[in-house]
Structures are given as C-alpha cells and as structure tokens.
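To keep things clear, I will list the structure first and then write my remarks on it.
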Amino acid sequence: MLKAENIKKKFVKLTKKKERIEFYANNGISVEAHDGEIIGILGPNGAGKTTFLRIIAGILEPTSGTVTFDELNYHDNETEIKKNIAYLSGNTKIYNTLSCYELLHMCADIYGVEKKDAEARILEISKTLDMDTFLYNRIGSLSTGQTQRVNIARCLIHNPKYYILDEATSGLDIISSQIILNFIKNEKKKGKTILYSTHYMEEAENICDKVIMINKGVIIDEGTPEKIKKDTKTTNLRDAFFKLIEGDNYEE
Amino acid sequence: MKNNMFNILKKELREMFRDKKSLSMMLIIPIFIPLLVIGMSALFESEINMPVTDYNTIGFDYELTDVEKNIIEELEINAVIDTVENLGEQLESGEIDLYVTKENNVYTINGDDSDTTTYASNLAESYFNAYKNYLQREYLVSHNVLSDEVLNIIVLEENITVEENYFASYIISYAFFFIIMAITVSATYPATDATAGEKERGTLETLLTFPIKSKDIIIGKFLSVSFSSMITGLLSLILTVISLKIANHMFTIYEGINLMLSLSSLIFAVIVIIAYSFLISGLCIAIASKSKSFKEAQSALTPLTFISFFPSMIIFMMGITTTNLYALIPFINYTLIFTDITSGIINYTHILLMLSSTIIIIAVVLKIIIKEYKSEKVLFG
Ligand SMILES: Nc1ncnc2c1ncn2[C@@H]1O[C@H](COP(=O)(O)OP(=O)(O)O)[C@@H](O)[C@H]1O
Ligand SMILES: [Mg+2]
C-alpha cells in the first residue's frame, strides 16, 4: 500500500518586483492507494500534480508530511522503494545515444534484474509493445510515439509494484495514448498500484478507481468518479471540476 | 546492487564515445603538442644560430689601418666608414647593426636594444680583443720582451659537460604545461556534459528515479571523466615523447644531449599525469554539477584552464625547487615533481605527498557534491 500523508511543499517564486515570496505548491495533500488501484490526480496546469508525484517518486523531498510504501520510507529505504517504482512523465527524456536494447539492458542491470532473465524479458516486452522494428536503433532517431513506448518498456523491465505516471499521455496522438492506457489497465489486472495524473478529465473518468481533484495545491474533492459527480450534481468530471472551483472563487 | 557505479560508468563511457564532440575534445587537443615542440625548437634554433651576415655590418667614424682591415676581414665584418651623424641615422634605419666612435685611444661601441646589436657587439668585442692583442704584442716586441710569455701568462681551458641544456629543460617543461592544459580543457567538456548537460537534456530526472545512490552516480561520472582526461593526457605524453625524439635529431641546439626520458622517468610522468587527470576531473564535475545550464558550466570552468598552468609556469620561471610543502599544493606540485622527474630526481616523499594531497582533495570535493546530489537543487537549482 502506498500512503502519502499531509504532504506540503514550499517553493519560492519571484514577483514582478523581483521579490521572493514563498508559497505552497502542495498544501496538505494525502492519498492512500491499495494494491490493484488506479488513482487519478486531476487538476489544471499549475495545480501541483507534478510536484506531488515527484515527491511520491522520491525526486523531491516534501517540506513536511510522510510518504510510505508498504511501511517503508525514503529516509531509511530509498533504494529499496525505488526498486519497486516506475516513474514516467509526459516529458521524461531518455538517453538518445543509446539504442532501445542498450537502454533496457542498462535499466535491467540498475534494477538488479537477474542477468539470465533480462534478455528474455527485453524481448518479451519488445514484442508486447510492438518495438521489434526499432529495438536496436538509437533512441535519438525514434518518433515521439516510439520514444514513449521505449519509456513504457523501461518502466516494465523490473516488474515494479507501483507506477507513478505524470501526464504520460500528454502530447501523444490517440493511438500512442491508447497504448499507454492499455498498459495501465493491464498492469492493474496484475494487481499493480497506479498513481496517474492528467488534465484530460474524460480519460481519467474511464480508467480511475478513485480520483483526487486538486487546485492550487489543495484537494478540492476526492472519491470515485461517481461520488464526485453526485457531490457536484454534474454528469461528468469536467463540469464537476468547474463547479468545484467556482465555489473556491466565491470564497476568495 | 553494488555494481551500480559500474552501470553508470558504462553508460557514461558509451555516451562519451558516441558523442563526436566529446571524442574530438579527447583526441584532437594532443595533436597540438608536436606543433608546439617542433615550433618552439625551431624558434630557439633561429635565435641561437643567427647567420653572421644578419649582424655583421658595423660602422666606424674613423679611417681604418691595414692591420685593422685585416682583422675585420678575418672576422667577416662588413665595415662602413662614415661620419657620426650618418652612422647614427643608418643605425636607426637598420642599415648597420652598430657603430664605433673613437676619441684618442677610447673606442665607444654605439647600438640600440635590438637583437642584432647584441650579436654585433659580441662581434665587435672579438674584434677589439684581437686588435688589442695585436697592439700589445707590437708594444712588447718593440721593448724586447718575449711577448708570448706575457700574453699567455695564464692558460684557460674549458671542460664543461653540457648535461643541463637550457633549451632542453625549457622545451620539456613547456610540453608538460601543454599536457596539463590539454587534460584540463579535455576534462571540462565531458564533465559539463555528464552533469549540466544531463540536466539540460532532461534525462537527470529519470536518472534520479533509479534505485541508485547519489554516491554511485557521482563516482561513476567522475571515473568516466577521469578516464577521458587520462586518454588525453597519455596521448599527449606519447606525442611529446615522439616529437622530442624528432626535435632531438632535427635541431643543433640539442646536439650532444638526449631529450629522451628514461623508462623510470616515463613511468613516474605517467603517474603524475594520472593523478592530475583525477584531480581535474573531480574539480570539473564539482563545478559543473553546480551549474544550471551547459553554458553556465562552461563559463564557470574556463578559469580552471588558466589556474591549471599559470601558477606552475611562474614557479618554473622563478626556478623554485620542490619542498614538502610545495608537493602538497595542487597544480604547482605536478609541475615541480614533473620537472624533477625529467631531470632524473625521483623523490618518493614528494611523490607520496603529491598523491596524498590529490586523493584528499578529490575525496573532499566528491563528498560535498554527493551530499548535494541528493537535494532537489541539482534538478531545479
Ligand atoms: N522547482 C520549482 N521551484 C519553484 N516553483 C515550482 C517548482 N516546481 C513547480 N513550481 C511551481 O509550483 C506550482 C505547481 O507546479 P506543478 O506541480 O508543476 O503543477 P502541475 O503539474 O499541476 O501543472 C506552479 O506554480 C509551479 O510554477
Ligand atoms: Mg505537471
């Protein structure tokens, strides 16, 4: 089980007059994700989704709050946790000078996949993601969609328990996005836990078990898509979101 | 996952050897070494072996006797007789290299500060020595004294073995400064590429999600940069040795001396080069990883190129010798010890001090960077 409690993250930003002011990009966000669950993190640009997922993935340290994976925390078990995570964002870059095959081998080595299993696993993943035609080409020579498939392959190589996906479909065409969405559904079936952020509300509605809506670093509503629609008396998450921030605006 | 450092090292080396710019930085700079060695030797040689016709035109403001004319002919002097005023003008325009004025028995050699005057005045001195010798002999003979006995009252012979050749030590030291500079310049590029470059290309975020300790990341990167600068250093050394050998045969200034380093000198020179490669790679990685972008890193590293050889050059020109303290000071210790090594002095204490100081500096620098690599400053700073 993945558990994030009351995550706060303070950043400094510059105003017009070059004054430094502190603000919270995350201001007390909590999430609990059980095995086999897909949790959607929804919110507009600048809501704090990336910040939150980076904290979960151990790239950023929270200003306060705790993150645990099956009772393990980053302070004491960083590499242990990271071995069980795959992190992928829409603008994740990978090494252009390596071939897909070399990259996958490197990842297998880094994640400690047994030498004898690695080879078979790479070929299997390549088949599943339809990568055979460009497996031995340099990543720099691939198209965006192909690159993103290599990225998924890299995430699969160590058979992680948790996937942290930050706008993984943004900027992709519908076919490439569908490949990613299928991959998410497949992994869920295998009992994997997926934390998934997007600003495409419809996409989330289809695949998420639970949704967390955030705006300006705080949760404005959470629950199953059905519950949120009921809460806001709307028929889809997009309208629900607008309704939720409308209230926020009145309060201001 | 003890071998994650090797995974990083492997990845870095792969990237480096596939990047044309990294490769050319590694391999092209050493090519300048033969140019430097041969070029500087040629320059020295042309200074030393100036043909006599370049500086043998000497003016006189008085009529010469037959005796004087004979000596002048013997010394291949090209005499010009004219008035003082004209001679002054001719000196200025470079038609003559110096001129001699005479008042009773006082002769004055007049010249300017040009190279040719220096050479010409040596020639004029030889001339006056010969002339004086002649006059003294005449005087003694006319007074019935055995002139040879007086004139050769003492006999001076020279027996100086030319082991320490000024040019040889100069050329070897300059080649070394160039090797140091080549290593420095060639370390900056891969160090920038592996740190600020990885940040700029956006792959650092991915790297930080891998289950790798920052220690392994930094040490892997450090070793790959060290490897690259070592290749530059060793290639430079090989080219130095080859071009010294060629220069040795080609130029008369090195006649009678052996520019070749002995085998043990070579081995210790390699040790110095390897130590320096590690040091500079550590410093470059440290500085570059604190920079936001490739450009910023490159400009932050530029001063290092000067620091790497400038103090050493001054120390060399001042002729300072190695002490235990100097052996500890980075940058100048490598030059001092290299100079010792090439002149056959191998002082193990100094070498050990140099190695210890190198190791300590690298350890401290890397430790600081490893600590910082955990924080988000690396990614967003
Ligand atoms: N490293 C950083 N330093 C300062 N401010 C940041 C940093 N990262 C993000 N922010 C700010 O935090 C806020 C939330 O950003 P982000 O988490 O990227 O939002 P989202 O992913 O939902 O679009 C934004 O205002 C952004 O400008
Ligand atoms: Mg984002």
Residues satisfying the stated conditions in segment A:45-59, i.e. surrounded by 13 or more Cβ atoms within 10 Å (Cβ to Cβ) and within 16 Å of ligand 2 (Cβ to nearest atom) | A:Ala47, A:Gly48, A:Lys49, A:Thr50, A:Thr51, A:Phe52, A:Leu53, A:Arg54, A:Ile55, A:Ile56, A:Ala57, A:Ile59
Collect the residues in segment A:76-101 that are within 21 Å of A:Ser141 (Cβ to Cβ) and facing chain B (nearest Cβ under 7 Å), keeping them in residue-number order.
-> A:Asn91, A:Thr92, A:Lys93, A:Ile94, A:Tyr95, A:Thr97, A:Leu98
Go through segment B:100-132 and count every residue that is open to solvent by 30 Å² or more (accessible area, probe 1.4 Å) and either outside any helix (DSSP H, G or I) or of a type in the set (Phe, Trp, Tyr) (or both).
-> 15
Looking at (1) at pLDDT 90 or above; (2) away from ligand 2 (no atom under 16 Å from the Cβ); (3) not basic (Lys, Arg), can you tell me which one A:Ile212 breaks?
-> (2)
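Over 21 Å from B:Ser24 (Cβ atoms) and assigned by TED's automatic domain parsing to the domain that holds B:Leu355: does that describe B:Ile287?
Values: over 21 Å from B:Ser24 (Cβ atoms): yes; assigned by TED's automatic domain parsing to the domain that holds B:Leu355: yes.
Against the criterion (over 21 Å from B:Ser24 (Cβ atoms) and assigned by TED's automatic domain parsing to the domain that holds B:Leu355), B:Ile287 qualifies.
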Note: among A:Ile164, A:Ile180, just one is free of Cβ contacts under 8 Å to residues at least 40 places away in the same chain and among the β-branched types (Val, Ile, Thr), namely A:Ile180
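Which of the following residues is more than 16 Å from ligand 1 (Cβ to nearest atom), more than 14 Å from every other protein chain (Cβ to nearest Cβ), open to solvent by 20 Å² or more (accessible area, probe 1.4 Å) and touching a residue at least 12 places away in the same chain (Cβ under 8 Å): A:Gly191, A:Gly145?
On the way: A:Gly145 fails: open to solvent by 20 Å² or more (accessible area, probe 1.4 Å).
Every option except A:Gly191 fails the conditions.
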May I ask you to verify whether B:Leu36 is away from chain A (no Cβ under 14 Å), modelled with pLDDT under 90 and touching a Phe, Trp or Tyr at 6+ places or on another chain (Cβ under 8 Å)?
-> no
Of the numbered conditions (1) modelled with pLDDT of 90 or more; (2) under 17 Å from the mean Cα position of the chain (by Cα), B:Leu325 fails exactly one; give the number of that condition.
-> (2)
Out of curiosity, is A:Ala47 closer than 25 Å to A:Thr169 by Cα, hydrophobic (A, V, I, L, M, F, W, C), under 20 Å from the mean Cα position of the chain (by Cα) and at pLDDT 95 or above?
-> no
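Condition check ((1) away from every other protein chain (no Cβ under 14 Å); (2) assigned to a helix (DSSP H, G or I)) across all residues:
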{"site": "B:Glu198", "(1), (2)": "no, yes"}
{"site": "B:Leu207", "(1), (2)": "no, yes"}
{"site": "B:Pro211", "(1), (2)": "no, no"}
{"site": "B:Ile217", "(1), (2)": "no, yes"}
{"site": "B:Ser224", "(1), (2)": "no, yes"}
{"site": "B:Lys245", "(1), (2)": "yes, yes"}
{"site": "B:Asn248", "(1), (2)": "yes, yes"}
{"site": "B:Ser264", "(1), (2)": "yes, yes"}
{"site": "B:Val270", "(1), (2)": "yes, yes"}
Name the residue, out of A:Gly65, A:Gly58, that is within 16 Å of ligand 1 (Cβ to nearest atom), on the phi > 0 side of the Ramachandran plot and within 9 Å of chain B (Cβ to nearest Cβ).
-> A:Gly58
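The values are calculated or read from the model by the stated rules, or taken from the named source; none is laboratory data. Quick caveat: nothing in here was measured; it's all calculated off a predicted structure. Methodologically, a virtual Cβ is constructed for each residue, glycine included, from the backbone with ideal geometry; neighbour enumeration extends over all protein chains shown. Surface areas here come from the heavy atoms of the whole protein model, side chains and all, with no ligands, DNA or RNA. Shrake-Rupley method; radii C 1.70, N 1.55, O 1.52, S 1.80 Å.
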